[in-house]
Amino acid sequence: MNIFVEFNFPGLESFIAIAMIILFFSLFVLSPVVITVLNIRNVFAKKKIIPRALLFLTVIMGLCFYVFCLDVCRVTPYEWNTATVIGEYHTPIAREYRFSFLALLGLGAASLFTIALVPAKKLPPLAASFALAGLLIGNLLNLFYAIHLAPFFFTKEFPYFEDPIKCEPLIFHFNILLLSLYYGKKQILEQILLMDQKIAKTNSPRLKKLYAFLKKVSNWPIAAFLALIPLALLIEIILILFGQGAAGPVKMFSMTADWTFSQQIPPPPLDHSGHYLCTVAAGGHKKLVKPLRFGNRRGRKIIVNRQLMVANAFEELIAEKAPALHKKIRRFYDSHGYPLSKIITSPLRADIVYLLMKPLEWSFAFTLYLFSTNPEERISRQYA
């Protein structure tokens with residue numbers, strides 16, 4: 001007796017596709033909107049909704065979406081003086097001055113979490129002032145970095161389904177500003193309330209005057225601005241000691257290409273149009289597609305990997321041994337290969353095509369070793 005029953009769902013592929021679209025929409029469109037709405041509400045409403053959980057959720061999800069977005073939309077780690085392919089961006093932060101960026105980012109993050117997680121009664125007034133000053137510096141970095149990335153947010157180079165992903169960094173910057181506003185306001189109000197309690201409890205006239213002065217100072221953001229001066233000097237000293245120089249926070253933006261504050265002119269971009277394997281070699285993740293060297297294709301500089309060279313060597317062999325068959329293959333490729341190259345618009349897509357082409361690459365290599373006397377020499381000379 002056969003206990004296995006075969007089920008056939010004719011609409012299963014459509015169901016999976018719809019489920020993936022819903023999941024994508026919920027994760028990358030709906031959840032950032034919900035988090036943003038809750039953060040806006042917490043800034044103005046008296047009754048807050050899970051503020052601390054929302055803080056961690058905003059930071060963790062925001063950073064994950066940020067990294068994913070930059071990767072999908074082809075922001076590379078290459079410096080301004082490295083040639084990239086058409087449609088790729090150079091790194092927005094100069095590698096030489098990355099410590100300056102991380103130091104300011106760390107200061108802003110540490111200040112935000114200090115103000116958010118440490119109760120006002122456990123945070124001395126002077127420490128609170130320095131934390132607010134650090135929060136201000138972190139938000140200046142947040143604002144300038146968002147402006148720096150403006151060409152990335154507002155370009156129209158990417159397909160429509162990637163546009164929601166491109167908004168993720170901008171939404172993340174906005175949410176950091178909201179969280180800073182909420183917790184900064186909360187800290188100031190709690191410090192004022194703490195001063196009122198101390199004034200009410202003490203019987204010493206001198207202490208009452210001191211607490212009254214501290215309350216008056218805490219009533220305005222002036223304490224944070226006063227603490228900003230020594231904190232900024234301390235940061236400059238640290239940056240100089242680590243070889244960044246006093247201009248490190250400026251040069252981390254200016255020593256780049258493609259961005260708002262960039263001052264460098266990059267080399268001309270590499271071309272990979274017209275051949276989908278050229279697109280794969282240039283556009284896929286380097287650890288997977290393994291680009292080997294630069295090559296020359298019809299007078300243009302391209303990036304070459306093993307898969308591309310094997311495919312071209314196979315085509316050369318077919319052209320020599322069976323010209324009529326080669327014409328048919330060439331006609332088929334010209335009608336299908338170029339349109340395919342137009343839709344490989346992200347490293348993920350290039351990776352998928354690379355993996356799908358692997359069996360063909362192996363069959364091409366097998367044919368070359370079967371019919372060519374010097375297969376490796378034939379492969380290595382492609383695009384030379």
Residue within region 71-80 that is open to solvent by less than 80 Å² (accessible area, probe 1.4 Å), assigned to a helix (DSSP H, G or I) and more than 29 Å from Leu228 (Cα to Cα) present | yes
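Regarding Val43, is this residue over 22 Å from Gly106 (Cα atoms), open to solvent by less than 80 Å² (accessible area, probe 1.4 Å), among the β-branched types (Val, Ile, Thr) and assigned to a helix (DSSP H, G or I)? Outline the logic, then answer.
Details: over 22 Å from Gly106 (Cα atoms): yes; open to solvent by less than 80 Å² (accessible area, probe 1.4 Å): yes; among the β-branched types (Val, Ile, Thr): yes; assigned to a helix (DSSP H, G or I): yes.
Spelling it out, Val43 is indeed over 22 Å from Gly106 (Cα atoms), open to solvent by less than 80 Å² (accessible area, probe 1.4 Å), among the β-branched types (Val, Ile, Thr) and assigned to a helix (DSSP H, G or I).
Take region 195-229 and flag every residue that is open to solvent by 100 Å² or more (accessible area, probe 1.4 Å), modelled with pLDDT of 70 or more and more than 15 Å from Leu135 (Cβ to Cβ). It would help to see each step written out before you state the result.
In the first step, residues of region 195-229 are kept if they are open to solvent by 100 Å² or more (accessible area, probe 1.4 Å); the result is 201, 203, 206, 209, 213, 216, 220, 225-226, 229.
Pick out the ones that are also modelled with pLDDT of 70 or more and you get 201, 203, 206, 209, 225-226, 229.
Selection gives Lys201, Asn203, Arg206, Lys209, Ile229.
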Residue list for region 108-124, restricted to those being touching a residue at least 60 places away in the same chain (Cβ under 8 Å) and open to solvent by 40 Å² or more (accessible area, probe 1.4 Å) | Leu117, Pro119, Lys121
Lys286: modelled with pLDDT of 70 or more, closer than 18 Å to Glu88 by Cα and open to solvent by 30 Å² or more (accessible area, probe 1.4 Å), yes or no?
-> yes
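Select from region 364-384 the residues that are of a type in the set (Val, Ile, Thr) and either in a helix (DSSP H, G or I) or touching a residue at least 40 places away in the same chain (Cβ under 8 Å) (or both) and write down the one among them that is least open to solvent (accessible area, probe 1.4 Å). Full working, then the answer.
The first filter runs over region 364-384 and keeps only residues of a type in the set (Val, Ile, Thr), leaving 367, 373, 379.
Next cut, either in a helix (DSSP H, G or I) or touching a residue at least 40 places away in the same chain (Cβ under 8 Å) (or both) only: 367, 379.
Details: Thr367: 33, Ile379: 1 Å².
This residue is Ile379.
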Listed residues Phe101, Phe56; which is out of contact with any His (no Cβ under 7 Å at 6 or more places or on another chain), surrounded by 14 or more Cβ atoms within 10 Å (Cβ to Cβ), aromatic (Phe, Trp, Tyr) and at pLDDT 90 or above?
-> Phe101
Odd one out for Arg41, checked against (1) of a type outside the set (S, T, N, Q); (2) modelled with pLDDT of 85 or more; (3) in contact with an Asp or Glu (Cβ under 8 Å, 6 or more places away or on another chain) = (3)
Could we say that Ile344 is in contact with a strand residue (DSSP E or B) (Cβ under 6 Å, 6 or more places away or on another chain), modelled with pLDDT under 80, of a type in the set (A, V, I, L, M) and open to solvent by less than 40 Å² (accessible area, probe 1.4 Å) here?
-> no
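In this structure, does Ser180 turn out to be at pLDDT below 85, closer than 28 Å to Pro125 by Cα and not aromatic (Phe, Trp, Tyr)? Let's see the steps before the verdict.
Details: at pLDDT below 85: no; closer than 28 Å to Pro125 by Cα: yes; not aromatic (Phe, Trp, Tyr): yes.
So Ser180 does not fit the description; no.
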First in region 178-200 and more than 15 Å from Thr36 (Cα to Cα), second anywhere and open to solvent by 70 Å² or more (accessible area, probe 1.4 Å) and of a type in the set (Phe, Trp, Tyr), Cβ under 9 Å, 6 or more apart = Ile188/Trp220
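The values are calculated or read from the model by the stated rules, or taken from the named source; none is laboratory data. Since this is a predicted model, take the numbers as computed values, not measurements. Cβ coordinates were reconstructed from backbone atoms using ideal geometry, including for glycine residues, and neighbour counts include every protein chain displayed. Surface accessibility is based on the protein's heavy atoms, side chains included, excluding ligands, DNA and RNA. Shrake-Rupley method; radii C 1.70, N 1.55, O 1.52, S 1.80 Å.
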